[in-house]
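The values are calculated or read from the model by the stated rules, or taken from the named source; none is laboratory data. These figures come from a predicted structure and were not determined experimentally. Cβ coordinates were reconstructed from backbone atoms using ideal geometry, including for glycine residues, and neighbour counts include every protein chain displayed.
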Amino acid sequence: MTVKIEIPTALRSFTEGAPRVEVEGSTVAEALRALADRFQGLRRHLFTEDGHVRSFVSIYVNDEDIRYLGRETTPVKGGDTLRIVPSIAGGSPGAVAYPSLSRLDRPTAPSAPKALSREQLKRYSRQLLLPEVGAAGQRKLLDSKVLVVGAGGLGSPLALYLAAAGVGKLGLVDFDTVDESNLQRQILYTTPDVGRAKLQAAEDHLRALNPEVAIVRHDGRLTSANAFELLSGYDVVVDGTDNFPTRYLVNDASVLLRKPVVYGSIYRFEGQVTVFDARTGPCYRCLYPEPPPAGLVPSCAEGGVLGVLPGIIGTLQALETLKILLGKGETLLGRLLLFDGLTNSFHELKVRKSPDCPICSPTPTQTKLIDYEAFCGVGAPPSGPEITAQELKGQLDARAPVVLVDVREPGEFDLYHLPGSRLIPRAQLADRLGELSTADDLVLVCKMGGRSAQASEFLRSMGFVKVRNLKGGLDAWAADVDPSIPSY
């Protein structure tokens, strides 16, 4: 029988751009295998080597997670819709006792509510008119403490709207500086901020917007060594990160500290939003128990993102945060909201608390923070031979018989490529092996070296021995060989 499979943007390069594909099958496994048989490049993204659906990919049948149905053996019938929801990137433990998860924390109520000042009545007048807010709700906001992890595309609208709403203490975690490429979507910054530390610029702009809000800068990376200390001083944690190690760290620290997390992620034209709170519902690991292999899921720097998308998702995160602080409305706890900017459509999926979750189940296997870069396979040494930009230039100048294979997307290739490069996007590599020879000396190229490293590993697994990866990609070429090439 025919079922429809919705393909997320992150995987459409494997389906020739098709947003949905119809296949034949009577179970989820049959349908997914039919999809993988038609589009071979999808197989390693969907299945493990022993044929099971990968843990970092959630599969839904008519809005129900198959993990709570019959998993891969879940039957499907004509007219059913399967939806693939991959994890997307698109942002002192020794001194802290690990708290019990059995008791629900509640913020301590102030001894006596303070009257709003004349200035506050005027500044917040429009939301004071809302019965769900009023003076009592505004007082809650002024007494609240929110930590935003990541002051980039998601963190920009988040911080602006939370500061404008009057959140009393707004903490920001980031270590980066403002780059010109940020300005397309990170609306917290302006052109004169280029080169400044992000949090320094963010503090200036947020204080100008609302001098009453206490802006607390946490300059530097969030790590397992400082996560408990940073998160413990806040009521709500908002995840505006753009990488998996920090995302899992935010989740795990919040679970152990019994903090709600407002989650958001973006990729190209798509976004996800939900609320995680292990005290009463699922956490991030209930949805994605394990991360995808390093380099498999492109970041926004590699895959791109429409500038308005983080504005939409970040604003939704701000809305969920305010609802939590006010104790009003129905949050997205237990519901994953998907947004597709190309069709301007929303879709909602159920997220259940997993009885097997390694950190928030009744019998957790993890009770402390871990090395998250190792967990996500980030920072591991390359598995195969590399060549530096200067070494490659020397070989090209000497007219060595090197075949350059650029594994980026066509739009990136058009921006700039090394002369003589052959474009074979990573997603098409499996289907275009016939265009390459095992006798050639291959050098694989991408923007930063991650995708080409993955592609190099794949080629070696297919019998190509003379394969090297350009270390650091074209960014390294620009830094070490030709600074005039365009950066993106």
With the condition kept exactly as written, say whether any residue in the stretch 426-441 is crowded, with 19+ Cβ neighbours inside 10 Å and more than 27 Å from the chain's Cα centre (by Cα).
no
From the options LEU199, LEU209, LEU249, LEU257, residue that is at negative phi and either touching a His at 6+ places or on another chain (Cβ under 8 Å) or outside the structural domain of GLY152 (by TED's automatic domain parsing) (or both):
LEU199
GLY384 passes all but one of (1) closer than 21 Å to HIS45 by Cβ; (2) surrounded by 15 or more Cβ atoms within 10 Å (Cβ to Cβ); (3) small (Gly, Ala, Ser); which number fails?
(2)
Among the residues of the stretch 410-425, count how many are aromatic (Phe, Trp, Tyr) and within 26 Å of the chain's Cα centre (by Cα).
1
For the stretch 258-265, state whether one or more residues are over 21 Å from SER87 (Cα atoms) and out of contact with any Pro (no Cβ under 9 Å at 6 or more places or on another chain).
yes
Lone unmet requirement of (1) modelled with pLDDT of 85 or more; (2) within 26 Å of ARG335 (Cα to Cα); (3) among the β-branched types (Val, Ile, Thr); (4) surrounded by 13 or more Cβ atoms within 10 Å (Cβ to Cβ) for VAL57:
(1)
Residue that is modelled with the highest pLDDT, among those in the stretch 105-136 that are small (Gly, Ala, Ser) and in a loop (DSSP other than H, G, I, E, B):
SER117
